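Rule-based calculations on the coordinates, nothing more; no lab input. Keep in mind that this is a model prediction, so the values were computed, not measured. Counting neighbours? That spans all protein chains shown, and the Cβs are built from the backbone with ideal geometry, glycine included.
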2 protein chains.
Amino acid sequence: MESLMTTAQLETEAAIEVAPRDLANAIRALSMDAVEAAQSGHPGMPMGMADVATTLFTRFLKFDPGAPDWPDRDRFVLSAGHGSMLLYALLHLTGYPDMTLQELKRFRRLGARTAGHPEYGHAAGIEMTTGPLGQGIATAVGMALAERMQSARHGDGLVDHHSYVIAGDGCLMEGISHEAIDLAGHLKLSKLIVLFDDNGISIDGSTDLATSMDQPARFAAAGWHVQSIDGHDTAEIAEAIERAKASDQPSLIACKTVIGFGAPHKQGTAATHGSPLGTEEVAAAREALGWPYEPFKIPETILMAWRGAGLRGRQERKRWEERLAAATPDARRCFEDGLSGALPSDFDETVTAVKRRFAEEAPKLATRQSSQEVLEALAGALPNLIGGSADLTGSNGTRTSGYQPVSAECFGGNYIHFGVREHAMAAAMNGLALHGGFIPYGGTFLVFADYGRPAMRLSALMGLRVIHVMTHDSIGLGEDGPTHQPVEHLAGLRAIPNVLVFRPADAVETAEAWQCALNEEATPSILCLSRQGLPTLRRRHITVNSVALGGYLIRKVKGDRDVTLLASGSEVSIAMEAAEQLSAEGLQAAVVSMPCWELFQRQSPAYRRAVLGAAPRLGIEAAVRDGWDRWLREGDRFVGMQGFGASAPAPDLYQYFGVTVDAAVKAARDLAG
Amino acid sequence: MESLMTTAQLETEAAIEVAPRDLANAIRALSMDAVEAAQSGHPGMPMGMADVATTLFTRFLKFDPGAPDWPDRDRFVLSAGHGSMLLYALLHLTGYPDMTLQELKRFRRLGARTAGHPEYGHAAGIEMTTGPLGQGIATAVGMALAERMQSARHGDGLVDHHSYVIAGDGCLMEGISHEAIDLAGHLKLSKLIVLFDDNGISIDGSTDLATSMDQPARFAAAGWHVQSIDGHDTAEIAEAIERAKASDQPSLIACKTVIGFGAPHKQGTAATHGSPLGTEEVAAAREALGWPYEPFKIPETILMAWRGAGLRGRQERKRWEERLAAATPDARRCFEDGLSGALPSDFDETVTAVKRRFAEEAPKLATRQSSQEVLEALAGALPNLIGGSADLTGSNGTRTSGYQPVSAECFGGNYIHFGVREHAMAAAMNGLALHGGFIPYGGTFLVFADYGRPAMRLSALMGLRVIHVMTHDSIGLGEDGPTHQPVEHLAGLRAIPNVLVFRPADAVETAEAWQCALNEEATPSILCLSRQGLPTLRRRHITVNSVALGGYLIRKVKGDRDVTLLASGSEVSIAMEAAEQLSAEGLQAAVVSMPCWELFQRQSPAYRRAVLGAAPRLGIEAAVRDGWDRWLREGDRFVGMQGFGASAPAPDLYQYFGVTVDAAVKAARDLAG
């Protein structure tokens, strides 16, 4: 059917008058049918929000299926990702080329673009992966922020678009939603518009079972413009969106809807949420909706009206391209380079200069301080690097001398005070990266990676370049005690696929870790940095980035090794000292610094074998052993933590928990003997 | 000094009139002095909230330092745990015997009761471990809920107390606070009173940098009673607490305070938050506060007035004891048994009966369904078992036939609809366990362990018996796709110290896992359960609990093994089938079921060696390899996941990712060959 219509025809037909309800019913029918075909999925939300989505996509959303990556498009985020068929139906109906009818029929099958929840990268028009509730709304805050920040840099002519979110009760119950709306309200992100699917139903039944929240009042408390409307009344929906766009605050539109709208016996109940309606109910819904067509069949008039809606943005996109073309070459290059994410040509030189200085000056610095010095050098070289911290700026060393806070009054800033909101920070960083134009880094204590973990997992799944600066990375944190001392976090983060966990040993490795992290365009990085001062171990400057190897011999020995000490971060200097002592005893101890296991794993088996050697091995890390046995064999030993830390000055803790040069020497001696 | 005063003297002296400001200044002085002595800590909050805390402890809080565990005491939670000196000072001043002046002088030293953040179990009067922001307020919701639920069971005569929380800006910025206050408002927990230290300062500086939230409006939207007061005006504080107690809603009292109150040059700034004031500023503060005494010196009149306040609750406690003594023997036993946490004498029999039935009937059930059947049997036997789910009740199998939802109208219920709030659920479970009287279990999908992780970590650190029912534990979840499929979560959770991660292989192991989890009084458990049906492997009934061994031979071989297959959960049946096929090929394959690594680690090395055997090993788990190398040696193999999952029917995914009998047979054959 699709091949029958040319663009020219569609443009002509765009004027066809089809009732909005019929347009919406196309979404309902496709959603029911796809879920039925898959025998799995969530029909209730797409059917309930079909009228809202139809109004948004046919009258407001600025997009062009022919140029889905058009930088100035409006962003649409389906925070309630289980309603994925809503999005897939919209993409199909509006004419995104890769969202064919065939894909809808393959909903939830292996390899389909139409995954159970929208997966970023599976099809054009999917702005992010959603499904874990609350992530969409929080990530959209990052997108809306990116829009304002880009606009401040490049002007409204090039950057002037909205971010729309459809969120459900679940999204708004999740804690991350609070962090996100507080941040958005504070920053007056007026181009963020949240359409709340206020259907009063969650999986367990009526939302009355679990919540009595007055959502509009709550959003108003956070500085949002709020409206409550009938989500099945097209005129109300349109007027509400108009008002939201006119507001100078972020907007919530609570859309009172009936979940599973159109399914006569199940609508308004949890039964429509997460299961196929069943043949009978689907038939009854077709009857009730006045939709006599067979499964997956969209009548041509309706499809043409939808395709016409898909063409609405084409002219606007062309005008935008003309404006871009009319910009000065500098302005254009600046804009396009930022979006490309490419690093400036002198990037490596910049890092190398810092490395050289570190090697020459051999400072005793905490790696969080080294990191700050690296950032100081990078900030000038990378105008798209955007920093921030979850209210630990001084501790994390995330602020540079060019610090200019981002605020509602100044989106031209380069530093975001995320507040005590690790989770929203991680999600907003994802949004900044997804939007394009920025490379975000954000700081907190390593132990609080736990608070941001769901969003960090999504960074990994989506393959985003976001950089977490996580300081105070062990018992070396000292007096704040076990609640603030990570012991299991390195293991927990290393287990997440597609994440690089860096734990540099000194200033030089810290610079190299930053270099690696920035070079990884499709992988998030976590820099685990010490609170305590560490000696510079790498005092001979080399241009080559050793951290990029993941693990390498930082101390070689002449002849055969008696023992190999493996360590990361602050424990490498312990290993080095131990090796010296062992050497004095006539034992040949090699030391392997392992700043990034994932990168080490990427090296050839031959390289890894050569580095690890055949001698007995001792792993040293002020953390639990979990994961270390990948590098240790039966009979090898480990010096580290057995459980949680304690509150005391850091040197006392290292002593108390036995993560010391003495313990390493003794263990190595036993192994070598 | 303490030894100079007898209780009798104190009771006489209790009437001594000391100005509230002087009482509060004792807290300020001790806080300054302890932080100064430690050269580390947070003086700002204790100094700012001293007036509020003084009013609360001297006039309202129901407690008895002579009987700190008195079940009907008010609970006091310092959610802003960095202000630990506030709590320590209060405990010392009111006369908790183990909070000596010596302990205050040892603030933040190794082994002191006065850890950097309050640590549960370090000293009487510390109701929970706090420090990670937002945890205190959310856990207190669980405590306040426990109080209402206990009261519904045992009457107001035995259970009728308040839960007070001091929370800071950070606590209220964290997402978990949203989940907690929504839940508390919904349940109308009117005996929960939150004193918000509204000082407008966070670590980065003014809270204006990051938030514009109207906190009272926000709490009002959640159904709370709200007040805003001057936090340095004793009369206002007292009146506000009176009104809060009289309200039929949970209460927020926003106390406008000056952080570091009394430090003339630093008060009202972030400089007082997390660092010693310094000798000069401490001296100036002494001057400004009119506190001429030497460090750690509390004038006797003031100390005696404080000690008198500490005696306020003694008579009330005695009257309560009389009421308990006057209760019927049954009522008393019921109350005391519940608090003791002891399992009923027929507990083991109850589990054994379920196990026997499973072994005999050999059902093919998902372990989430087996778990539900176990719960069905346990619910009757364990009246203190309280269930719930984060809005996945049907999927988690957490509901039993005796289901009675807890609501504001019925606290006598046994099931909590936690809403889509995994984090608050985990924290509230901690609160239920800390309060005493309940053994909580709560359900969600395993992948969403990430959302609750900070609270789960605290359960482990505090040593609480809480049981997480985490279903859909692998790619076996199927169509919902990678956002919902845990692959790294087993590794991530196993890395947390003092947590038992169970992944039972069949119905029998599921019953045994529940038995183990309930028997662990000081360790949280996580039951990782399958979505998909699994055959019953253990068809010969034995009374002994094999899961308690952590790992055991579920398939032995005659003579020498050629290979050992190690697996957990749903992959044990794959291992068993593979072993059968290998046997047909003449290869002797033993199978080790490893439902709980932590328990296996607790066994003797000899037992572990015997189970693991000397033959080549193949690990099989539909998850990443991280951690598995603890059991695998060089040359051993692993069949599992390399990265994130995908959206498709579960059997297709097992096939696609190669977690199959065929793959196991092939790998085992290679190993054995």
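Numbers for the structure displayed
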{"read-out": "Shape call, the range B:560-673: gyration tensor on alpha carbons, a/c limit 1.5", "value": "oblate"}
{"read-out": "Cα gyration tensor shape of the range B:203-302, rounded if a/c is under 1.5, else prolate or oblate by comparing a/b with b/c", "value": "oblate"}
{"read-out": "Net lengthening on full extension, B:Q404/B:L382 (0.36 nm per residue, minus Cα-Cα)", "value": "6.5 nm"}
{"read-out": "Position B:E239, label points 7 Å along Cα→Cβ, spacing to each other copy in nm (shortest first, one decimal)", "value": "4.4"}
{"read-out": "Proximal lysines to B:K556, defined as alpha-carbon separation beneath 29 angstrom and excluding residues fewer than eight positions away on the same chain", "value": "B:K355, B:K364, B:K666"}
{"read-out": "Rounded if a/c under 1.5, otherwise prolate or oblate - the range B:111-257, Cα gyration tensor axes", "value": "oblate"}
{"read-out": "For the range A:28-74 versus the range A:353-404, the gap between their alpha-carbon centres in whole angstrom", "value": "44 Å"}
{"read-out": "In range of the label at A:A522: residues from the range A:368-391 whose backbone nitrogen is under 13 Å from the point 7 Å along Cα→Cβ", "value": "none"}
{"read-out": "Candidate lysines for bridging to B:K62, where Cα separation is under 18 Å - those fewer than 8 sequence places away on the same chain excluded", "value": "B:K191, B:K245, B:K318"}
{"read-out": "Whole-Å distance, taken between Cα centres, linking the range B:240-265 and the range B:182-210", "value": "10 Å"}
{"read-out": "Mean Cβ neighbour count within 10 Å, used as a protection proxy, ranking A:389-398, B:163-172, A:643-652 highest first", "value": "B:163-172, A:389-398, A:643-652"}
{"read-out": "Positive minus negative residues near A:L582 (Lys, Arg vs Asp, Glu; Cβ under 9 Å)", "value": "-2"}
{"read-out": "Other protein chain Cβ atoms within 10 Å, averaged over every residue that makes up B:484-497", "value": "6"}
{"read-out": "Full-extension gain in nm, A:R539 to A:R59, via 0.36 nm per residue minus C-alpha separation", "value": "166.5 nm"}
{"read-out": "Spacing of the two label points (7 Å from each Cα toward its C-beta) at B:S340 and B:D214, in nm", "value": "5.4 nm"}
{"read-out": "Cross-link partners of A:K266 among lysines (Cα-Cα below 27 Å; sequence separation of 8 or more within a chain)", "value": "A:K105, A:K256, A:K297"}
{"read-out": "Sum of -39500 (n - 2.57) over DSSP H runs of 4+, divided by residues of chain A (222 nm, nearest 500)", "value": "-13000 deg cm²/dmol"}
{"read-out": "Virtual spin-label span in nm between A:K666 and B:D330, 7 Å along Cα→Cβ", "value": "6.0 nm"}
{"read-out": "Value of relative contact order over chain B, rounded to a whole percent, pairs C-alpha under 8 Å and six or more apart", "value": "12 percent"}
{"read-out": "P(r) of the range B:39-173 over all Cα-Cα pairs, binned every 5 Å from zero, in whole percent", "value": "2, 11, 20, 24, 21, 13, 6, 3, 1, 0"}
{"read-out": "Cα-based Rg / Dmax (Å) for the protein assembly as shown", "value": "31.0, 99"}
{"read-out": "Separation of alpha-carbon centers, the range B:543-559 and the range A:598-637, rounded to whole Å", "value": "31 Å"}
{"read-out": "Cα→Cβ-extended label distance, 7 Å offset, between A:T269 and A:S583, nm", "value": "7.7 nm"}
{"read-out": "Nearest 10 degrees, 0 to 90: helix B:175-186 Cα axis against chain B principal axis", "value": "80 degrees"}
{"read-out": "The range A:460-595: C-alpha pair distances exceeding 20 Å, %", "value": "50 percent"}
